[in-house]
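**Student:** Below: one structure in structure tokens.
What follows is calculated from the coordinates using simple rules that are stated; it is not laboratory data. None of these values were measured; they are calculated from a predicted model. Cβ coordinates were reconstructed from backbone atoms using ideal geometry, including for glycine residues, and neighbour counts include every protein chain displayed.
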Amino acid sequence: MTRTEVHRPPHAVPPPARLAERLAALAMPCPVHPSIHLVEAATSDWARTSGLDPDPAAARLAGRAFARCETGAVTRLARWLTWMSCLRRTPEALTPVLAVAAGGEPGRAPLERAFSGLWTACAPEMGDAWRERFTAGLAAQREALLSPGTTSAGDRTRSPVDAFGRYLFDLVEPCLGVEVPAPVWRSTHWRALVEVSGEVAARCEEAVAGPGHTGAISVERSNSGAEEWKIDGVATRMEELWTAARAIPALVERHDLGFTAGREATRVACAFLTIPRAYLEWLLETPRYRHLA
Amino acid sequence: MSTTLLNHKLDRAFGHMDVDGDGSIEREDLLGLGARILVGFGEAPTSHAGSRLAQGFEEIWRTLAAEIDTDGDGVISSEEFRAGMTSAFVEGDRFDTVFAPAAEALAGLCDTDGDGAVGPDEFWIMMAAFGTPREDVRATFERLDGDGDGVVSVGELVEATRQFYTSADPDVVGNWLFGPL
């Protein structure tokens, strides 16, 4: 029996409960940062000042993803997630946002101005390679959300993580104040860690939403089989997530990166291990799915 | 009784967290050690086993900080660490209630198949998180594996942990937990 195989609950149980029962790693209560109320208040103030809609659920997602981190790191992530939450409602804003990331002046739209502030606060502390990764993630999301049925010529296969927002995973580094060494983030194992963590989160959303939901992952199944198929998919990918994580210490050793660089990489990897669980909890806290919890 | 030996071991333990060698540690350093262990085993901090370990490390830090960080700056020097570990866990009575649960959680993580025994591969993952050189890990494992059956029981690992952090006896096998002293 694998760590994902707790037992198979009956079909009558709602999808979120079945996910939690099925997956041992999702069954434990997800801790939240002890200062979450301060983070929520500070993030709501920032959102109002920036002209964005405050989103307490975004702050709580940050508080769960960074449950044991210092309050400043949680607050930084909460601001980014609030911005992301607004962006998902108006993905066409990604085009001017990308222009700001490339050095352009922000327009009058709150999303652009808020991005400019967040970008100015974190990008200068990070290397060129990180900035390129981050903006590539924004561009991939723009393409995935604005033209979901097509890919540009010669493009790689579009991943569910592109629509989900690959840059969310890149944000972990500036929020924690670290930068993953290039030999690590360029590695197959690290890319798998990011990809699978994002895909598990995206699949959780699919599984929680149940039949009829059309999200990042297309499902060509009957409704009765689709739910079980989605939950199976999460279980399989969770195993892959853990396998990818286990490869990181050996990778750090092989590249002789030193203990400090290794520590920074593992802090980020640990966040990637946490995000799917935190995201599931966030899904169940959002008004859209609260009736399922 | 050799307090010199015990202090030497506590200095080694301090070094497991003070990875930048600046002579001080913060809560993040202990949690960073926990993160290295969790990632090594591919365990999420939110899983049952992962949260046991994270909570165990949190309790150790809380105890140490309450014991010695009188100025409340959240930073512990190597001298303070030595003093706090000694007063709380060696001379004090909080090993069983605070330190042992973390040690048991760690040993439990190493016992990946739940059979009560830790193999050399799992032992290496744990040792790598503490920064023990690979060449020392095999020798350490052989010492802990007293009967030579190729595994160390979870109970033996917990006892070796207790010996490393609290015993001044130069003959206990737990002195070798993180390689030669």
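**Student:** With a sphere of radius 13 Å drawn around the Cβ of B:R94, what net charge do the other residues whose Cβ falls strictly inside it have (Lys, Arg +1; Asp, Glu -1)?
**Tutor:** -3
**Student:** For the stretch B:117-168 and the stretch B:35-55, compute the distance between their C-alpha centroids and round to whole Å.
**Tutor:** 19 Å
**Student:** Can you give the FRET efficiency to the nearest 0.05 for B:L5 and B:H48, using r as the Cβ-Cβ distance and R₀ = 30 Å?
**Tutor:** 0.25
**Student:** Quick one: grab the alpha carbon gyration tensor of the stretch B:96-181, order the square roots of its eigenvalues as a ≥ b ≥ c, and give me rounded if a/c is under 1.5, else prolate or oblate depending on whether a/b is larger than b/c. Provide the component values of the computation, followed by the final result.
**Tutor:** Details: a/c = 1.34, a/b = 1.03, b/c = 1.31.
Judged from the Cα gyration tensor, the stretch B:96-181 comes out rounded (a/c under 1.5).
**Student:** Just to check I understand the Karplus step: with θ = phi - 60° and J = 6.51 cos²θ - 1.76 cosθ + 1.60, what whole-Hz values come out for the stretch B:97-103, glycine and proline as x?
**Tutor:** With coefficients 6.51, -1.76 and 1.60, one gets 8, 10, 7, 4, x, 5, 5 Hz.
**Student:** Which shape class, rounded, prolate or oblate, goes with the stretch A:55-202 when its Cα gyration tensor gives a ≥ b ≥ c as root eigenvalues, a/c under 1.5 marks rounded, and past that a/b bigger than b/c marks prolate?
**Tutor:** Values: a/c = 1.32, a/b = 1.07, b/c = 1.24.
Rounded shape, in that the Cα axes give a/c under 1.5.
**Student:** When a/c reaches 1.5 or more, the comparison of a/b and b/c decides; with that in mind, is the stretch A:226-285 rounded, prolate or oblate per its Cα gyration tensor?
**Tutor:** In terms of gyration-tensor shape, oblate.
**Student:** Could you derive backbone 3J(HN,Hα) for the stretch B:175-181 from the dihedral phi with the Karplus parameters 6.51, -1.76 and 1.60 (θ = phi - 60°), listing whole Hz in sequence and x where the residue is Gly or Pro?
**Tutor:** After applying 6.51 cos²θ - 1.76 cosθ + 1.60, I find 4, 8, 3, 10, x, x, 8 Hz.
**Student:** What full-extension length gain, to one decimal in nm, is calculated for A:R48 and A:E92 as 0.36 nm per residue of separation minus the Cα-Cα distance?
**Tutor:** Working: separation 44, 0.36 × 44 = 15.84 nm, distance 2.14 nm.
Answer, rounded to one decimal: 13.7 nm.
**Student:** Also, quick follow-up: Which value results when the Cα radius of gyration for chain B is divided by 2.2 N^0.38 Å? Numbers along the way, then the final one.
**Tutor:** Working: Rg = 15.4 Å, N = 181, 2.2 N^0.38 = 15.9 Å.
Expressed relative to 2.2 N^0.38 Å, the Cα Rg reads 0.97.
**Student:** Could you work out the helix-only [θ] at 222 nm for chain B, with each DSSP H run of four or more residues adding -39,500 (n - 2.57) and the total divided by the number of residues, to the nearest 500 deg cm²/dmol?
**Tutor:** Theoretical 222 nm ellipticity from helices: -18000 deg cm²/dmol.
**Student:** Using only Cα atoms, locate the centre of the stretch A:66-115 and the centre of the stretch A:233-254, then give the distance between them in Å, rounded to an integer.
**Tutor:** With the stretch A:66-115 and the stretch A:233-254 each reduced to a Cα centre, they are spaced 29 Å.
**Student:** For peptide A:259-267, what's the mean number of Cβ atoms from other chains within 10 Å of each residue's Cβ?
**Tutor:** Whole-number average of other-chain Cβ neighbours for A:259-267 is 6.
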